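Worksheet: the structure to be examined is printed underneath.
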Amino acid sequence: MTSASFESEIDMDDPAKPAWYARVTRYQWLVLTVASLGWVFDAFEGQLYNITRADMLPDLLKVAPTDPLVKVWGERFIGIFLIGGTIGGWFFSALADKWGRNPVMALTILFYSIFSGVTAFATEIWHVGALRFLVAMGVGGEWAVGAALVAEVFPKEARERAGGIFHATSVGGLWLAAAAGLWVGINWRSAYLLGVIPAALML
């Protein structure tokens, strides 16, 4: 261990040093809360498909759950979601540089909420593919813009902790999706209607 790193370690353990959250303002906590809730619902929207696909795909394809088409389309939509997330992250990040992070983050939440809700009314298999792509754009955009916003808003000494909190909250979205699946059972359309709820975060 070098003398510089040793001194740094002592400094970090200094009881006289203010807590990392000492200079965090109410506005900064609000930004972290909204960005984290957006990330929670990001994970929720992504996992919702995995929870409902076993009922949704056979219903729309009008085939038995064991039909090979179910697996084929299921994997296609996962690929579509990944592509949409990548494009959404790039597109909304660029948009945030022009319009500002706050309004664009709100837009991404509205984006994935509305298109998730519209999925409840899908009647053709291609509807699901198009809507999953649009949902993924919002999901990828919210993660990219939200993470950047948290990093920019928080002071240097609190940035790492705030970023850790932001990223860790995604686990909550997985639990919410599992709970939604248990609640709606085979009624997959109701699960997607729940996806509209995050739109309230825009307020």
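The values are calculated or read from the model by the stated rules, or taken from the named source; none is laboratory data. Note that the structure is predicted; figures quoted are calculated from it, not measured. Note: ideal-geometry Cβ built from the backbone for every residue, glycine included; neighbour counts use all protein chains shown. Calculation scope for accessible area: heavy atoms of the full protein, side chains included, ligands and nucleic acids excluded. Shrake-Rupley method; radii C 1.70, N 1.55, O 1.52, S 1.80 Å.
Scan the range 186-201 residue by residue and report those that are more than 26 Å from Leu30 (Cβ to Cβ), open to solvent by less than 40 Å² (accessible area, probe 1.4 Å) and either hydrophobic (A, V, I, L, M, F, W, C) or free of Cβ contacts under 8 Å to residues at least 24 places away in the same chain (or both).
Residues satisfying the conditions are Trp188, Ala191.
For residues in the range 137-160 being hydrophobic (A, V, I, L, M, F, W, C) and without any contact (Cβ under 8 Å) to a residue 60 or more places away in the chain, which is farthest from Trp90 (Cα to Cα)?
Among those residues, the one meeting the criterion is Ala151.
Within the range 114-139, track down each residue that is over 19 Å from Pro58 (Cα atoms) and open to solvent by 10 Å² or more (accessible area, probe 1.4 Å).
Ile114, Phe115, Phe133, Leu134, Met137, Val139
Under 9 Å between Cβ atoms, at least 6 apart or on separate chains: pull out the pairs that start in the range 82-108 with a residue that is within 21 Å of Val34 (Cα to Cα) and outside any helix (DSSP H, G or I) and end on any residue that is at pLDDT 95 or above and among the basic types (Lys, Arg).
Every condition considered, no pair remains.
Might you let me know whether the range 15-32 holds any residue that is closer than 21 Å to Val135 by Cβ and open to solvent by 20 Å² or more (accessible area, probe 1.4 Å)?
Filtering the range 15-32 down to residues closer than 21 Å to Val135 by Cβ leaves none.
Checking the range 15-32: not a single residue is closer than 21 Å to Val135 by Cβ and open to solvent by 20 Å² or more (accessible area, probe 1.4 Å).
Identify all residues within the range 96-113 that are more than 24 Å from Arg53 (Cβ to Cβ) and open to solvent by 30 Å² or more (accessible area, probe 1.4 Å); write none if there are none.
Asp97, Lys98, Trp99, Arg101, Asn102, Pro103, Leu107, Leu110
Residues being surrounded by fewer than 18 Cβ atoms within 10 Å (Cβ to Cβ) and either within 30 Å of Leu149 (Cβ to Cβ) or of a type in the set (A, V, I, L, M) (or both): count how many of those fall in the range 63-79.
6
Could you identify the single residue in Gly172, Gly163 that is in contact with a Phe, Trp or Tyr (Cβ under 9 Å, 6 or more places away or on another chain) and without any contact (Cβ under 8 Å) to a residue 24 or more places away in the chain?
When all the criteria are applied, what remains is Gly163.
Here are Asp59, Asp55: which of them is assigned to a helix (DSSP H, G or I), closer than 29 Å to Ala179 by Cβ, open to solvent by 70 Å² or more (accessible area, probe 1.4 Å) and acidic (Asp, Glu)? I'd like the intermediate steps shown before the answer.
On the way: Asp55 fails: open to solvent by 70 Å² or more (accessible area, probe 1.4 Å).
Of Asp59, Asp55, the one residue that is assigned to a helix (DSSP H, G or I), closer than 29 Å to Ala179 by Cβ, open to solvent by 70 Å² or more (accessible area, probe 1.4 Å) and acidic (Asp, Glu) is Asp59.
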